[in-house]
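Asker: Below is one structure. I have some questions about it.
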Amino acid sequence: MTQEWINAVVDRITYTNPENGYSVLRVTTRSHPKGLTVVGNFSAIHSGEELRMCGTWVQHPQFGQQFHMAKYSTLKPATLKGIEKYLGSGLIKGIGPVTAKRLVNVFGMETLEVVERFPDRLADCPGIGPVRSQKIIAGWAEQKAVQDVMIFLQGHGISTAYAARIFKIFGGDSIAKVSDNPYLLAYEIRGIGFKTADKIAGEFGITGADPRRIQAGLLFVLSEASNEGHLFLPREELEKKTGDILAVNELLAIRSAFDIQINKKRLMIRRHGDRELVYLPWMMRYEDAAVELLGPLLTARRREIQREKLLSLVEAAVAAGGPALSEQQQLAVELSLVERVLVLTGGPGTGKTTTLRAVVTAHRNIGRRVFLASPTGRAAKRLAEVSGQEAKTIHRMLQFSPNERGFKHNAANPLNCDTLVIDECSMIDLELFHHLLKAMPPKGTLILVGDVDQLPSVGPGMVLKSLIVSGVVPTVRLNSIFRQAEASLIITNAHRVLKGAMPTLITPDGQTKTDAYFLEMTDPDAGLALIQNVVAVSLPKRFGYHPIEDIQVLTPMHRGSLGSANLNLILQAALNPPGHGKSEFKHMHRVFRSGDKVIQTRNNYDLDVFNGDIGFIRGIEAEDQELVVEFPQGDRTYGANEMLDLQHAYAISVHKSQGSEYKAVVLVVSYQHYMMLQRNLIYTGMTRAKKTLVLMGSKRALAAAVRNDRVTVRNTVLAELLTKAYGESVNPALM
């Protein structure tokens, strides 16, 4: 096909894939004044820009004639309308559609020159004071600097949606640093994978068995393993996976690169039995430190408290406002008073909350200062409600300092408490557990509460299970379901699933009253409308639930028609459609709208929001490209860069729901998610429902999940290390 050049003005950006920059544009040209469609991989272009493009004409069978762009360059807008659209597209922080119109009305065709070369004149424009003028000047300077990075990225096939993040991390040296070591992108920039970095490296001559490539490959394979929850990989497995992913079968070259990384201390080896276990340095430090820091708690002598006083403390705790305790629960309270560390575990309806409340009361009655914390904001809020005492997230309790990039409370500055109670401990990964142990007061008591049968933490390790399996950490497992809990089908079904039995499935008929329902959904595509109706109409009408604030849709995966990404699109359309006076902001391929429910997907210590925090968009500043999100801990302002870690939360994965409780849960179970269907996932999703559970999917998929009790094994030797270090010196665990 013959290529030709055209000049076109971007009218609108119909679609953009943030992963590769592939976009569908609607543009106008002199020969196509009514518009034409252009497709191709673009950088961060904006409406109103004029592009000079080289490409070919193609007749699409469904969408008609299209221009397929092969390469392009950006020209300045040549009309007043183009300038206004260009500046108002969100290109520069401080200039939105309103300000763009004002600037063009005052400066006309000179507008871009004024912004770029004579910014002092901006104050001549009505409505632009000194503050906004400075914001525009700073925004333009940053945009120009980022533009150079964008052009560089575009030349190497990277979506420029990541340009601002790359520039923020590497600054003015971005191009030089990435050129010198393209693999930095895979390590430092979330969303840019190893394959993309490896492709760029190839353009700089780093190919095949190049030592730099193999060294980077070893680190990448271990990083991917940590994303799957592993702390290490056996050496043979690491070498094989590295060779496979790099398509390098030269074992000597791989081992040579391995030795280099060991010498540089980028990899570390633990010899465990006859195996060599390979860690990223910080993973091995966390595991070793956890064993060492638990030592004083495990080997300390039991506190001497007379039996009569113990019993009186338990009785006083119950009398303070709770039901009578079972023998197991009383044992938990007693052990918490005499041991320095205790694990309390059990499923729903077994009295964990009642026991926890009694523990807190008993410790306060004896004069101990009690701190309470949970991994997430929602869990901390619930912990405060059930305990009657302030509770914080672990991160906020430890007080992260953005300036020092570490927690303020540590070994040198421990927490000022006598007893530390941590709830929802199944969610705690090894890194957070390490920081928690470092901040323990020298004579303090640590009480860990959680359901060990739930999914393990999102981050590496399986701390709660390791502590229990080690046999050296005093543990009480509550296993009797209380009579009042037996009336709940949610609870009885959860325990049935845990034992490998199918849950009792009740189809809504308008007559049967229960708290757990099942709706058959064999066709995933047809099921979308059913999910939409259940959330938007049925549950609110039947139970009075707020469709956004009270109901949470859970699904095993992010991808697929029944994955969280697609479900969020249909639920946003049903629950929070565009409307008169409702502001919205387009960021990459997403539309954020006032009233949207959103979830943070990565810890952001600068904003003091953490992975799994759910909030609601309360304000949108299109001029400044900012969102105001209301979280339980307060309002937070997101710039465009921070929005990369924000997703809609009408539907979330079961993993993301850990530690949270919702009035109503709609749990989707489909064979579309076959790889994720396992017993503890279904159990975790079911137990997130407080009042109403609706299981939606196929009985066949549900049965497959219930049968699958093969919990994914995570590579960690924490339990073995604890047993080896303290097996002879502490009291055996009590189950």
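The values are calculated or read from the model by the stated rules, or taken from the named source; none is laboratory data. Everything numeric in this text was worked out from a predicted model, so none of it was measured. Here Cβ is always computed from backbone atoms with ideal geometry, including for glycine, and neighbour counts include all displayed protein chains. Note: areas computed on protein heavy atoms with side chains; ligands, DNA, RNA excluded. Shrake-Rupley method; radii C 1.70, N 1.55, O 1.52, S 1.80 Å.
Asker: Being closer than 15 Å to LYS85 by Cβ, assigned to a helix (DSSP H, G or I), touching a residue at least 12 places away in the same chain (Cβ under 8 Å) and open to solvent by 30 Å² or more (accessible area, probe 1.4 Å) is true for just one of VAL98, VAL104. Which residue is that?
Answerer: Values: VAL104 fails: open to solvent by 30 Å² or more (accessible area, probe 1.4 Å).
Just one listed residue meets the conditions, VAL98.
Asker: Further question: Applying the selection to segment 257-287, what residues are open to solvent by 60 Å² or more (accessible area, probe 1.4 Å) and in a helix (DSSP H, G or I)?
Answerer: ASP259, ASN263, TRP282, ARG285
Asker: Okay, moving on. State the number of residues belonging to segment 689-712 that are open to solvent by less than 10 Å² (accessible area, probe 1.4 Å) and either within 15 Å of PRO556 (Cβ to Cβ) or among the polar types (S, T, N, Q) (or both).
Answerer: Matching residues across segment 689-712 total 8.
Asker: So which of GLY205, GLY229, GLY243 is open to solvent by less than 30 Å² (accessible area, probe 1.4 Å), assigned to a loop (DSSP other than H, G, I, E, B) and of a type in the set (Gly, Ala, Ser)?
Answerer: Of the residues listed, the single one that is open to solvent by less than 30 Å² (accessible area, probe 1.4 Å), assigned to a loop (DSSP other than H, G, I, E, B) and of a type in the set (Gly, Ala, Ser) is GLY229.
Asker: Does segment 682-690 contain any residue that is farther than 24 Å from GLY459 by Cα and touching a residue at least 40 places away in the same chain (Cβ under 8 Å)?
Answerer: Scanning segment 682-690, I find no residue that is farther than 24 Å from GLY459 by Cα and touching a residue at least 40 places away in the same chain (Cβ under 8 Å), so the answer is no.
Asker: Checking the condition over 39 Å from the mean Cα position of the chain (by Cα), open to solvent by less than 70 Å² (accessible area, probe 1.4 Å) and touching a residue at least 40 places away in the same chain (Cβ under 8 Å), which residue from THR111, THR56 passes?
Answerer: After ruling out the rest, the residue left standing is THR56.
Asker: Which of the residues spanning segment 340-370 are under 23 Å from ASN680 (Cα atoms) and part of a helix (DSSP H, G or I)?
Answerer: If the condition is that a residue be under 23 Å from ASN680 (Cα atoms) and part of a helix (DSSP H, G or I), then LYS352, THR353 are the ones that fit.
Asker: Would you confirm, using the coordinates I've provided, whether ASP608 is out of contact with any strand residue (DSSP E or B) (no Cβ under 6 Å at 6 or more places or on another chain) and either among the charged types (D, E, K, R) or open to solvent by 50 Å² or more (accessible area, probe 1.4 Å) (or both)?
Answerer: On the way: out of contact with any strand residue (DSSP E or B) (no Cβ under 6 Å at 6 or more places or on another chain): yes; either among the charged types (D, E, K, R) or open to solvent by 50 Å² or more (accessible area, probe 1.4 Å) (or both): yes.
Judged against the criteria, ASP608 is a match.
Asker: Just name the residue that is least open to solvent (accessible area, probe 1.4 Å) out of those in segment 520-551 that are among the charged types (D, E, K, R), at pLDDT 90 or above and over 28 Å from the mean Cα position of the chain (by Cα).
Answerer: Taking the candidates together, the pick is GLU520.
Asker: Does LEU335 fit the bill of being touching a residue at least 60 places away in the same chain (Cβ under 8 Å), out of contact with any strand residue (DSSP E or B) (no Cβ under 8 Å at 6 or more places or on another chain), of a type in the set (A, V, I, L, M) and surrounded by 16 or more Cβ atoms within 10 Å (Cβ to Cβ)?
Answerer: When the stated conditions are applied, LEU335 does not pass them.
Asker: Still on this structure, I have one more. If you take the residues of segment 625-640 that are touching a residue at least 60 places away in the same chain (Cβ under 8 Å) and in contact with a Lys or Arg (Cβ under 6 Å, 6 or more places away or on another chain), which of them is surrounded by the most Cβ atoms within 10 Å (Cβ to Cβ)?
Answerer: That would be GLN625.
Asker: What are the pairs with Cβ atoms under 7 angstrom where one residue, in segment 430-459, is over 30 Å from VAL706 (Cα atoms) and part of a helix (DSSP H, G or I) and the other, located anywhere, is open to solvent by 10 Å² or more (accessible area, probe 1.4 Å) and aromatic (Phe, Trp, Tyr)? Sequence gap at least six, or different chains.
Answerer: As it stands, the answer is GLU431/TYR286; HIS434/TYR286; HIS435/PHE407, since those pairs meet every condition given.
Table: residues versus (1) free of Cβ contacts under 8 Å to residues at least 60 places away in the same chain; (2) open to solvent by less than 30 Å² (accessible area, probe 1.4 Å); (3) not aromatic (Phe, Trp, Tyr).
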| site | (1), (2), (3) |
| --- | --- |
| ALA391 | yes, yes, yes |
| PRO402 | no, no, yes |
| LYS408 | yes, no, yes |
| ILE422 | yes, yes, yes |
| MET427 | no, no, yes |
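Asker: State which residue is modelled with the lowest pLDDT when the search covers only segment 461-492 and only residues that are outside any helix (DSSP H, G or I), crowded, with 17+ Cβ neighbours inside 10 Å and of a type in the set (S, T, N, Q).
Answerer: Applying the filter and picking the extreme gives SER488.
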